[in-house]
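A short worksheet on the structure shown next.
The values are calculated or read from the model by the stated rules, or taken from the named source; none is laboratory data. The structure presented is a predicted model; accordingly, all values stated were derived computationally and were not measured. Cβ coordinates were reconstructed from backbone atoms using ideal geometry, including for glycine residues, and neighbour counts include every protein chain displayed.
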Amino acid sequence: MKMAAGRKKRPQASLEEEYASLLREYAAGGGEATLGRAYELGRRAIAERKSLLDLASIHHGALRALAQDTNNGKGREDVLRASADFLAECMSPYEMAQRGFQDAVRALRQLNETLEQEIKRIAYAVHDEAGQLLVAVHLALADMARELPKPQQEQLGRIKGLLNEVEKHLRRYSHELRPTILDDLGWIPAIRFLAEGISKRANLPIHIQARISGRLPGPAETALYRIVQESLNNAVKHAKARNIWIRAWRENQVLHCSIRDDGEGFDTHRAQGTPGRKGLGLIAMQERVSAIGGTLRIQSGPGQGTEISLRLPLETEHVNSCRAR
Amino acid sequence: MAINSDQDIVLARQKGRAMAAELGFLSGDATLIATAISELARNIVTYAGKGHITLKGIQNSSHVGILVVASDHGPGIPDIPQALRDGFSTSGSLGLGLPGVRRLMDEFEITSQPSRGTTVAVKKWKQ
């Protein structure tokens, strides 16, 4: 009964206060009942969006206050042991959540791969299958044209012109979805092709300096291509850049790639901390890089342009693990 | 043991932790077992009002382990796959509740019948 009354009062107390008072209670011999509440407190901390580091600092503060009140050596020893049990109990819900996130990341990676396969399939259908159909239409029109009087032939000529436009658009969409060069020649030629198109359309110079030869495993090449693609799109659409520089080089066993622009830049902390669209794009990029064992650094600031730097260790072991994925 | 109140949950946790220690589980694993018991007992109290939890030491050819069975005669779970999916609405975070219990333990079995009740049996083996 006493306990139920205590619980009703508690939600008003701040997390810090409740932590300190429960820890004190446990150190004084509170037993399993207090541990059970420590567990509920951990759950509450998650619901209040406290990070694990917040919890560590709350724990540290509570422990320090408790240790100050405990003067003799034996008592301190007990407090230390009790506080370790207590902290473990509080962190237990975080362990559960962490395992959940691990599963979610695995699912996300799988989804990325599935998406890439789908894109490949659509790009192929648009390019090859639709292309072949168009050729057949052209042939049929040519047959028909021979038997038609002059005015209708001219009309047919205009239709042919339109069909050619359709074909050109389809080819461009297909290559932008997934350039065949990426599979045939590798990520650097694919990036050159992509940059050329963007440069023309957005009317801004993209300077490429790539001193790299040889191919990487398929998943790594795709990830690199997608990251450069996303960076270029961001630079053009959001940053209003006037120049873009792409550099790729290899140093010892590490591949480096940097995409820099002289656009507006942004506050990186705010963008990555907020769950808006912009933040999501950056998080997705990070995730793509870590899926192939690399790291990504984003440097930017209002008025300072943006640089995305990618680092990918190329150990034989890594190359194998990439292939296995 | 019967689960009707917060005190019963405490008792179940205590017995689970003691049994885990007796079976030789490390204290970290004992904490996870107590956590699973908390989540299962919490579900009983929240959805069925009352129920039972039984604990048992078990053994297969190579390992010893602990079996926790939580059962109730509550309303049951109409859609089990949905109950095992991570959601933010009920628990406030991804990974808590039943999906969390499943990840903490090595084996997980659930049976439920609408208006008949729910039984969840989980096992954890000592590494």
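Run residue A:235 past the list (1) surrounded by 21 or more Cβ atoms within 10 Å (Cβ to Cβ); (2) more than 27 Å from residue A:196 (Cα to Cα); (3) not polar (S, T, N, Q) and report the number of the one that doesn't hold.
(2)
Would segment A:75-88 turn up any residue that is closer than 30 Å to residue B:34 by Cα, under 33 Å from the mean Cα position of the chain (by Cα) and assigned by TED's automatic domain parsing to the domain that holds residue A:23?
Yes - at least one qualifying residue is present in segment A:75-88.
Looking at A:49, A:43, A:64, which is the one that is of a type in the set (Lys, Arg) and in contact with a helix residue (DSSP H, G or I) (Cβ under 9 Å, 6 or more places away or on another chain)?
A:43
Results for (1) of a type outside the set (Asp, Glu); (2) modelled with pLDDT under 90, shown as yes or no for each residue.
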residue	(1), (2)
A:226	yes, no
A:230	no, no
A:237	yes, yes
A:241	yes, no
A:245	yes, no
A:262	no, no
A:273	yes, yes
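Of all the helices (runs of 4 or more DSSP H) wholly in segment B:1-84, which have at least 2 residues that are buried (at least 20 other Cβ atoms within 10 Å of the Cβ) and in contact with a strand residue (DSSP E or B) (Cβ under 6 Å, 6 or more places away or on another chain)?
Those helices (runs of 4 or more DSSP H) span B:6-23, B:27-43.
Could you please let me know if residue A:120 is closer than 30 Å to residue A:284 by Cα and of a type in the set (D, E, K, R)?
Here the answer is yes, as residue A:120 does meet what is asked.
Restricting attention to segment B:21-60, which residues are among the hydrophobic types (A, V, I, L, M, F, W, C) and touching a residue at least 60 places away in the same chain (Cβ under 8 Å)?
Within segment B:21-60, B:23, B:25, B:32, B:33, B:36, B:40, B:48, B:58 qualify.
How many residues are farther than 30 Å from residue A:111 by Cα and among the charged types (D, E, K, R) when one looks only at segment A:190-229?
3
Out of the residues in segment B:23-42 that are hydrophobic (A, V, I, L, M, F, W, C) and within 14 Å of the chain's Cα centre (by Cα), which is farthest from the other protein chains (Cβ to nearest Cβ)?
If we take residues in segment B:23-42 being hydrophobic (A, V, I, L, M, F, W, C) and within 14 Å of the chain's Cα centre (by Cα), then B:40 is farthest from the other protein chains (Cβ to nearest Cβ).
For segment A:16-30: of the residues being touching a residue at least 40 places away in the same chain (Cβ under 8 Å) and among the aliphatic types (A, V, I, L, M), which is nearest to the other protein chains (Cβ to nearest Cβ)?
My answer is A:22.
Just to be sure I understand, how many residues within segment A:177-205 are among the polar types (S, T, N, Q) and either touching a strand residue (DSSP E or B) at 6+ places or on another chain (Cβ under 8 Å) or under 27 Å from residue A:262 (Cβ atoms) (or both)?
Count: 2.
Quick check on my filter: what residues within segment A:181-214 are basic (Lys, Arg), more than 24 Å from the chain's Cα centre (by Cα) and farther than 19 Å from residue A:237 by Cβ?
A:211
Does any residue in segment A:194-211 that is part of a loop (DSSP other than H, G, I, E, B) come within less than 7 Å, Cβ to Cβ, of a residue that is surrounded by 17 or more Cβ atoms within 10 Å (Cβ to Cβ) six or more places away or on a different chain, and which pairs are these?
Hits for this filter: A:204/A:241; A:204/A:244; A:205/A:199.
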